[in-house]
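Colleague: This is the structure I have questions about; it appears just below.
Laboratory data are not the source of any read-out in this text; all were calculated from the coordinates shown. Because the structure is predicted, anything quoted here is derived from the model rather than measured. When we count neighbours, we look across all protein chains shown, and the Cβ atoms used for this are built from the backbone with ideal geometry, even at glycine.
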Amino acid sequence: MLGLNPALAEVFFTEQQLIAKLYPDSQLVERPVEIDRALLKDIKRATSARLITDSLKIWEVNKNGELSGWLFNADVLGKHENIRYALAIDSSGQIVDMDIMEYRETHGGDVKNQAWRAQLFGRR
């Protein structure tokens, strides 16, 4: 089992801070999703994400009464340690923003840089 070293954890955003940053003028409704084995298998097949949780936090984002997208929050296994991140997805399913919320890795700090994260924008 991997050991977490809390002394190395960097917290960049809480959920509320991230919501305020990404969606300052929107209303968010939390839609918790439990992940069963079939859904986890589908997620692993469709992405390279190594989820380490059995649930996802998902917020439906509405602006002026219209659905404008979703915000996903998940814990994944980085190279060695856990990383908590959030994806902002527009109503067409494209990634419009991504932020690291908590980073525990000792290596691979590039994921904390906006330039690295920007390569994900526009993907589905």
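Colleague: Expected output is a single nm value to one decimal: the length gained when fully extending between Val76 and Ala38, i.e. 0.36 nm times separation in residues minus the C-alpha distance. What is it?
Modeller: 11.9 nm
Colleague: Sticking with this structure for a sec: Convex hull volume of the Cα atoms in segment 8-118, per residue, in Å³? Please report the intermediate quantities before stating the final value.
Modeller: Working: hull volume 11.9 nm³, N = 111.
Cα convex hull per residue, to the nearest whole number: 107 Å³.
Colleague: Which order do peptides 18-29, 91-102 fall in by mean Cβ count within 10 Å, highest first? Write out the running numbers ahead of the final one.
Modeller: On the way: 18-29: 14.3, 91-102: 16.2.
Top of the packing list down: 91-102, 18-29.
Colleague: When only DSSP loop residues count, what trypsin sites (Lys or Arg not before Pro) in segment 33-69 have their Cβ near at most 15 other Cβ atoms within 10 Å?
Modeller: Details: sites: Arg37, Lys41, Lys44, Arg45, Arg50, Lys57, Lys63; in loops: Arg50.
Within segment 33-69, the qualifying trypsin sites (Lys or Arg not before Pro) (loop, at most 15 other Cβ atoms within 10 Å) are Arg50.
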